[in-house]
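Colleague: Mind having a look at this structure? Questions to follow.
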Amino acid sequence: MHGTASPPPHGRLARPGFDGPRVVSEPMVPDPATLRRYVDRVLDSGRFSNDGPLVRELEARIAARLQVPECVLVSNATLGLQLTIEALGLTGEVLVPSFTFIATPNAVRWQGLSPVFCDIDPGTHNLDLEAAEKAIGPATSAIVGVHLWGRGCRPSALQSLAGRHGLRLLFDAAHGFDCVSEGNRLGRYGDAEVFSLHATKSFHAGEGGAITTCSADLAENLRLLRNFGFSGYDSVATVGINAKLPELSAALGLANLETYDRHAAASTEVHRLYSREIESRLGIRPVQFPEYNHHHYVVLEWPTDGFAISRDELVEALHRENVIARRYFYPGCHRMNIYESASTELPKTEELSARTIVLPAGSQINSADVTKICEILERLAMRGPR
Ligand code: T4K
């Protein structure tokens, strides 16, 4: 290893497995000539923001790809969720899973509403429908389903649950670009779906969000809301905010879209390699996605016994090797200090978030690095942290 005759000791002074960090979602980098072509269009037009031609082009391409009538680009998915909540006129309480990124409940809270945390189905990591139904009360106005890791959170069943109770339904599809659920690409379910175009996502514009919907009225309202509410030069139709995506971000998105399929295939290959290596070395497999999914995330449920190292020790030890694995989404949003309440107990979320590890993956990592990460994983699992 690293040119030495014998393996290094496993303590803090040992040379790390990698010279530089291997991270969970190293962003895809566009072809420079393609990006330049789009950037030149921005420079030539002198139009840098405010519903410019590249934003419109990217909206049209995303809508066509996801087969949904409307796509409204915004500056990030968190604001996208907030704008959608505002446009739908939600009130009171909104049901959300706790096993998600903090942006999901924060968007609800920023709109002056109360997120009500629900437990998940450990088999899918997504909202448990029975738990959601039990949590519906007189103040509930909506459900936010999260398609975690890009796996659809049973959108049709959630739709009928929301319909039975007269609730609005929106989806946090931050992880779900180009993913398929129940035979359709995500994007057309519920009142609206919100995708993240952050640099760490499978398809990105550096920062950004895409709201998709089948409702032309909702899309029009969202377009007003993202631009201060302006309906004309001197007229304001509603209290809007600034949530516009800059043209240069749209340029990056358009350039990335041209090579997206190649990157998605590379991520799927990385997921396959991890699955094979980890299964043969440790007898466990990363979470598998039965429906088509771009496999951007490699998620392990670390067993509570059977190995010489706990999940938390493993993550620390991996970091010492420059393998920056993450404990997404520990400890569950309901256990974050800003939301913690003694009365909320979500045993399945707590059990799962104590065991998940997300490994460096995506299209940018090469197969030699994946194999080496699996070797490190095997050594730590068998011999422990020291
Ligand atoms: N809903 C869900 C379910 C989400 O997961 C997210 C975001 C949202 C809503 C909100 O979407 P946005 O408002 O962001 O559009 C990261 C991302 O910032 C966040 O977008 C993402 N989810 C979340 C799961 O991950 P952090 O704080 O964990 O990221 P950070 O800075 O530690 O980056 C992760 C790794 O990626 C690092 O090890 C370094 C690497 N990296 C990151 C960036 C930005 C790079 O190599 N290059 C880069 O440019 O939140």
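Colleague: Thr78 - would you say it is assigned to a helix (DSSP H, G or I), farther than 16 Å from Glu220 by Cβ and within 16 Å of the ligand (Cβ to nearest atom)?
Modeller: yes
Colleague: Farther than 22 Å from Leu58 by Cβ, under 21 Å from the mean Cα position of the chain (by Cα) and away from the ligand (no atom under 16 Å from the Cβ): is that true of Gly190 in this structure?
Modeller: It is false that Gly190 is farther than 22 Å from Leu58 by Cβ, under 21 Å from the mean Cα position of the chain (by Cα) and away from the ligand (no atom under 16 Å from the Cβ).
Colleague: Return yes or no: is Ala308 in a helix (DSSP H, G or I) and farther than 22 Å from Gly123 by Cα?
Modeller: no
Colleague: Further question: State all residues of the range 57-82 that are touching a Cys at 6+ places or on another chain (Cβ under 9 Å) and under 18 Å from Leu169 (Cβ atoms); if no residue qualifies, say none.
Modeller: Val68, Pro69, Glu70
Colleague: In the range 350-368, how many are in contact (Cβ under 8 Å) with a residue 40 or more places away in the chain, away from the ligand (no atom under 14 Å from the Cβ) and either part of a helix (DSSP H, G or I) or among the polar types (S, T, N, Q) (or both)?
Modeller: 3
Colleague: Would it be correct to say that Leu300 is at negative phi, touching a residue at least 24 places away in the same chain (Cβ under 8 Å) and in a helix (DSSP H, G or I)?
Modeller: no
Colleague: From the residues in the range 316-329 that are over 30 Å from Ser181 (Cβ atoms) and buried (at least 19 other Cβ atoms within 10 Å of the Cβ), which one is nearest to the ligand (Cβ to nearest atom)?
Modeller: Initial filter on the range 316-329 (over 30 Å from Ser181 (Cβ atoms)): 316-323.
Add one more test, that the residue is buried (at least 19 other Cβ atoms within 10 Å of the Cβ), and what stays is 317-318, 321, 323.
Numbers: Ala317: 17, Leu318: 12, Glu321: 14, Val323: 11 Å.
Looking at the filtered set, the residue picked out is Val323.
Colleague: Assess whether Asp261 counts as being free of Cβ contacts under 8 Å to residues at least 40 places away in the same chain and closer than 24 Å to Val39 by Cα.
Modeller: yes
Here, each number is a calculation from the coordinates, and none is a lab measurement. Computed from a prediction, not measured in an experiment: that's the story for all the values here. Note that we place each Cβ from the backbone using ideal geometry, even for glycine, and neighbour counts take in every protein chain shown.
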